[in-house]
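What follows draws every value from the coordinates through simple rules; no lab data is involved. Quick caveat, the model's predicted, so the values are computed rather than measured. Cβ: placed from backbone, ideal geometry, glycine included. Neighbour counts: every protein chain shown.
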Amino acid sequence: MASTLLLYGATGYSGRLIAAELKHRQAVQPGAFSIVLAGRNAQPLIELANALGTAYCVLDLEDGQAQVRRVIGEHEATVIINAAGPFARTADRLAKAAIALGCHYVDINGEADVYRKVDDNGTEASAANVALVCGAGFWAAASNLLLDAALQALALPENTELGAIRIAMSRIKTFSRGSAETVWESLRQQVLVVRKGRNERDAVDRLVLRHEPVGKLERRFNFGDTRPTKVDDWRIASAANLVDTLAAQRTVEHRRRMVRTIESYVEAGRLARAAYQLGGWLAPLVANRTVRTLAQQPIELLAAGPTKKEREAEPHLIVLEIEDCLHNTLIDWRWKTPNVYQFTAQLAVGVAVRLGTGARLKGFLTPAQVLAATEVMQYPGAGTLRNCLLERRRGT
């Protein structure tokens, strides 16, 4: 029996890209699944559904859990894909609805607080044989797949202690409105990092979350994607409050490793770095409701997101560095990916299709527990992996 993938937030910027990717995958796998587009506003939803030839349903989360479950239940959804931000308002509601209905839940959330809140539903989801995959878009998923592949490639004994895992993303030049809002919100949050800690009661080492002031941590990373490396390929990135850090922690624990530190970084130009370093001073101001309302106005004037031409002209690079406890480099990988918004659609659909077409998985999962980096690298536009450490050893 074909599964049903219900996409909530289908008429938003990322939602439309995901809807188009679903149709593409449906053509590649005919009969494997049906598509239902969902959202609050009927007219744009009907127009999109007619254009793509899919079913649709009007769904407003403000109508309450009973109504939400009734509407989703009528369409017998196998997987709910949530593309509607702010995810602080939608993720937990839809995750709880999915658990109650016995269907899987996937979202493209990039907010750390939301990630942890969805994680809190993991035990209940596991009992209901439901999988929850939060952060299945570019943020979290891409670096998570890369890290999981790296930990397997190292082939180290279980519980081997590593020194550091650092994830870095190249600069995003063209933002969607939703991404701009997330960046603005991040200015009033401290940066989450993972550190090795010890529980004094049972003397067991664990990975624990710590907070660092915004703008405190900066490093140079090699963002070059050609050989040989040039001097200007080494650019500064600032530590950021990314879900990638939380997903990395879960993957390290899943692979039974220990690491002293996990940090995530984003490349930034001089002006962006200066603004970010002022984040600690700006935090009380950003938290003010009046200031936030005023700041929202220019964000709303932005285009919904980059055009197709802009997406094609702006691929991205993920850097993964892993060191041992003596600061020796074990992994130095570069992955050139499609534009973050296009890759988000490909990754989210890949996770949803896998869950909806027979994968027997349950509980709160990272994207790497559903997909493998090797298969994702076969997606259109997904670049090859560069092993820069191996290149240096060979002198290339």
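Annotations for the structure displayed:
- Spin-label model distance (nm) - Asp232 vs Cys325, 7 Å beyond Cα toward Cβ: 4.2 nm
- Distribution of pairwise C-alpha distances over the range 1-89, 10 Å bins, in %: 18, 54, 26, 3
- Shape summary of the range 91-183, radius of gyration then Dmax from alpha carbon positions: 16.1, 45 Å.
- All-pairs Cα distance distribution in the range 27-160, expressed in whole percent, bin size 5 Å: 2, 9, 16, 18, 19, 15, 9, 5, 3, 2, 1, 0
- With 0.36 nm allotted per residue and the present C-alpha distance subtracted, the Tyr379-Arg360 stretch has 4.5 nm of extension available.
- Put simply, when 351-362, 102-113 are sorted by average Cβ atoms within 10 angstrom per residue, most first, you get 102-113, 351-362.
- FRET efficiency for the Glu62 to Leu209 pair, using the beta carbon distance and R₀ = 30 Å, is estimated at 0.40.
- In this simple spin-label approximation, Thr123 and Glu312 carry label points 7 Å from Cα along the Cα→Cβ vector, and these lie 5.1 nm apart.
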